[in-house]
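Peer 1: Quick one: this structure, given as structure tokens, is what I'll be asking you about.
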Amino acid sequence: MEASYKNCQSCGMPLKRDEKGGGTNYDRSKSKMYCSKCYENGKFTTPNMTVEEMRTLVKEKLKESGFPGFLAGLFTRNIPKLERWKKNS
């Protein structure tokens, strides 16, 4: 049974902001753990991405959205603590 989270456990995005309402599991049900940008059909969309690459990507996306660099850094500092990355560390 999948736990329910407020934020994607791969990139940290608030799941309520996901335009598709979350990623999808193997059985096409909605993931309560990952967003649609990170997870589709039960697989990560970027399976070989490292935690540092994810932090850099999210930081850049936040800056593109108008967040100042220091805030983007603040928002991404906890990415290594998310479920996807805990297993690999």
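Peer 1: With semi-axes √(5λ) of the Cα gyration tensor in Å in mind, check (1) 22, 14, 11; (2) 49, 20, 13; (3) 24, 15, 12 and report the label derived from this structure.
Peer 2: (1)
Peer 1: Pairs Lys43/Lys87; Lys61/Lys87; Lys16/Lys37; Lys32/Lys81; Lys20/Lys87; Lys37/Lys61: which are spaced more than 23 Å apart, C-alpha to C-alpha? The partial results should precede the final answer.
Peer 2: Details: Lys43/Lys87 15 Å; Lys61/Lys87 25 Å; Lys16/Lys37 13 Å; Lys32/Lys81 17 Å; Lys20/Lys87 26 Å; Lys37/Lys61 12 Å.
Correct reply: Lys61/Lys87; Lys20/Lys87.
Peer 1: For the chain, what is the calculated [θ] at 222 nm in deg cm²/dmol (nearest 500), taking -39500 (n - 2.57) for each run of four or more DSSP H residues and dividing by its residue count? All intermediate terms of the calculation are to be shown ahead of the outcome.
Peer 2: On the way: 3 runs with 26 residues, N = 89.
Rounded to the nearest 500, it is -8000 deg cm²/dmol.
Peer 1: Here is a further query. For the chain, take the longest principal axis of its alpha carbons; what is the angle in degrees between that and the long axis of helix 51-64, to the nearest 10 within 0 to 90?
Peer 2: That works out to roughly 70 degrees.
Read-outs: derived from the displayed coordinates by stated rules, not from any lab. These figures come from a predicted structure and were not determined experimentally.
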